Amino acid sequence: SHLQGSYGEGEMEGDSKADTPDVPPSTDNTPQCLNKALEGLSSRWKNWWIRGILSLTMIIGFFLIIYLGPIMLILVVMGVQIKCFHEIITIGYRVYHSYDLPWFRTLSWYFLICVNYFFYGETVADYFGALVQREEPLQFLVRYHRFISFALYLAGFCMFVLSLVKKHYRLQFYMFAWTHVTLLIVVTQSHLVIQNLFEGMIWFIVPISIVICNDIMAYLFGFFFGRTPLIKLSPKKTWEGFIGGFFATVVFSFFFAYLLSQYQYFVCPVEYNSETNRFAVECEPSNLFMIQEYTLPAVVQNAKTVNLYPFQIHSIALSTFASLIGPFGGFFASGFKRAFKIKDFADTIPGHGGIMDRFDCQYLMATFVHVYITSFIRGPNPSKVLQQLLVLQPEQQLSIFNTLRNHLGEKGMLPPAVEEAQ
C-alpha cells in the first residue's frame, strides 16, 4: 500500500514462532531538517506529517514524469522493477544467511536480465515493427527471439546446477525458488504495466492514481475515524478506513477519468513513428472517449439522461477493484513481512519503507487492468496484424492480399474501379 498502515492506528504484532531468522532492523533515514521541524509533536502526528509531506512529493514527481512522456515512464517502470527485485532478493539473502552460497547473487541478477530480455523483446516485436523492418540485426533478433531467450535461461539453469555444493543443497534450492517467485511477482507484472501504457497513457495513469487515492483516503479515514479492526494481518487497518477509502476512490476516479478523457495525449495508443523516430500519441479518439448519452434508471425523477464518457463507467469498475480487492496485495505483503519479522521491505523512503512497500497493490492492479482491457475493451489489433504481415515472404503476402480482396469483393465493400481491375 502507498501509505503503511493505511486504515487506522495500532501496533505491529510479532510472529509467535521463533523459527525464522532475524533480519537486521531498518534504520530511520528521515531528513534531519524534517525531524527537527517536527520534534515537538507526538510520534503519531509526527509520522502523519512525514508521510504526508513525502506522499505529496512523490505525487508531484509522478506528474512530472508523466509530463516527460512515454519513454520516461517506461524507464521509471523498469527502475522501480529493478529496485523491488533488489529489495526482495536482499531479504532472502539476509533471512537465509546466504552469504556463503556460491553464485547466488550473480545468478539472481542474471535471471532478471534474461526475463527482461524476453519481455522487452516481445514488446519490441509487437510495437516497433517499422523499426524492426528497417534494421537487419533486429530482424534476426526478433525472428529467433524466443529461442535466444530460452538459450539464455538454460545457461543460467546449468550454471545453478554446477554451483550446487553438498552442504548447501537445500538452501540453494530455497534461493532458486525465491528468485523465480520474485521474478514472477515483479518482472511479469511490470511488463503488464508497460503493455497497459501502450494502450494509451490513460490506462497507465488512472489505475495508478486510483490506488494512490485509495491508500491516502483510507489512511485519512482510518487515522481520524478508525475504531474497528479490519484484518489481523494488518492490525492498523480498520473498517472505517476501508469503507471511507472505497467511496472516496470511486468519486475521485469518476471525475479524474472525465478530465483525462478530453485529451488526445492521454487517450491515444502510444505508437512508434518510424519517420520521426519518436513515440506518437495522435489519433482519432475511439468511442470509449467520445461523449455518449445514457438513460438513467426510472428511480431518478429529475433527470432522465446524462452525458458521460464511456471510460468513466469503466473507471468505476477499476476503482471498485482497487478499493475492495487491491488492498489484498497489501495484506499479502504484510503477511510476507510478518513471516520474516520485518517492518518494511527497505528504508528507501522515510515514513513509507521501501519501493516494494509502495507498489504491493500497484502490481495486482496492473494485472487486473491488463485482463480487463483484453476481456472487455480491446478487439483485434490492426497495427499488430499488419506488422506480422510485413515479415511474411512476398508470395505469402500476395496470397493473403488476394484472399482479402475476394472477401471484400463478395461483401460489396470494394469501389467499382477496383472491381473492374480485378
Inset, instruction - Just the ratio, please: alpha-carbon radius of gyration of segment 277-339 over 2.2 N^0.38 Å, N its number of residues. - result: 1.83
Inset, instruction - Give, as a single signed number, the net charge of other residues whose beta carbon lies under 12 Å from the beta carbon of SER286, with Lys and Arg counted +1 and Asp and Glu -1. - result: -1
Legend entry - Dimensions (Å) - segment 56-122, Cα atoms, principal axes, largest first: 45, 33, 11
Inset, instruction - Quick one: which residues, 5+ away or cross-chain, put their amide H under 5 Å from the amide H of THR228? H built at 1.01 Å from N. - result: TRP239, GLU240
Inset, instruction - Measure of size requested: the Rg and Dmax of segment 69-210, with Cα atoms as the atom set and Å as the unit; please supply both. - result: 17.5, 53
Legend entry - Solvent-accessible area per residue for segment 114-232 (1.4 angstrom probe, square angstrom): 50 Å²
Inset, instruction - Net charge near LEU141: determine it from the other residues with C-beta under 12 Å of the C-beta of LEU141, scoring Lys and Arg +1 and Asp and Glu -1. - result: -1
Inset, instruction - Calculate the dipole size of segment 270-364 relative to its Cα centre from +1 charges on Lys and Arg beta carbons and -1 charges on Asp and Glu beta carbons; express the result in debye to the nearest 20. - result: 600 debye
Inset, instruction - Roll a 1.4 Å probe over the protein chains and send me the accessible area per residue for segment 273-374 in Å². - result: 48 Å²
Inset, instruction - Normalise the Debye intensity by I(0) for segment 232-303, one equal point scatterer per Cα, no solvent, then take log10 at q = 0.24, 0.27 Å⁻¹ and round to two decimals. - result: -1.09, -1.17
Inset, instruction - State the percentage of accessible surface on segment 196-248 attributable to carbon and sulfur atoms; use a 1.4 Å probe and exclude ligands, DNA and RNA. - result: 76 percent
Legend entry - Alpha carbon Rg of segment 177-306, scaled by the compact-globule rule 2.2 N^0.38 Å: 1.43
Inset, instruction - Whenever you get a sec, compute what percent of the accessible area on segment 60-114 sits on carbon and sulfur atoms (1.4 Å probe). - result: 74 percent
Legend entry - Charge dipole (segment 134-293, unit charges on Cβ, about Cα centre) - positive-most of SER209, LEU152, SER261: LEU152
Legend entry - Residue-by-residue Karplus 3J(HN,Hα) for segment 273-278, coefficients 6.51, -1.76, 1.60, Hz, glycine and proline x: 9, 5, 6, 9, 6, 9
Inset, instruction - Divide the volume of the convex hull of the Cα atoms of segment 168-254 by its number of residues and quote the answer in cubic angstrom per residue. - result: 108 Å³
Inset, instruction - Highest first, please rank the peptides 75-86, 319-330, 143-154 by the mean number of other Cβ atoms sitting within 10 Å of their residues. - result: 319-330, 75-86, 143-154
Legend entry - Other-chain or far-sequence residues with amide H under 5 Å of ASN273's (modelled H): ARG278, PHE279, ALA280
Legend entry - Residue-normalised accessible area of segment 44-92, expressed per residue, 1.4 Å probe, Å²: 48 Å²
Legend entry - Farthest toward positive dipole pole in segment 133-281 [+1 Lys/Arg, -1 Asp/Glu at C-beta], among PHE246, PRO137, TYR169: TYR169
Inset, instruction - Go through LYS232/LYS337; LYS46/LYS343; LYS167/LYS341; LYS83/LYS167; LYS236/LYS341 and tell me which ones have a Cα-Cα distance over 21 Å in this structure. - result: LYS167/LYS341; LYS83/LYS167
Inset, instruction - Taking the Cβ of ILE59 as the centre, find all other residues whose Cβ is under 13 Å away and add up their charges (Lys, Arg: +1; Asp, Glu: -1). - result: +1
Inset, instruction - Starting from the Cα of GLU39, step 7 Å along the direction of its Cβ; do the same at PHE401; then give the gap between the two resulting points in nm. - result: 7.9 nm
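The values are calculated or read from the model by the stated rules, or taken from the named source; none is laboratory data. Just so we're clear, the structure is a prediction, and the values are computed from it rather than from any experiment. Please note: Cβ atoms are built from the backbone with ideal geometry, for glycine as well, and neighbour counts cover all protein chains shown. The accessibility values were calculated without ligands, DNA or RNA, using every heavy atom of the protein model including side chains. Shrake-Rupley method; radii C 1.70, N 1.55, O 1.52, S 1.80 Å.
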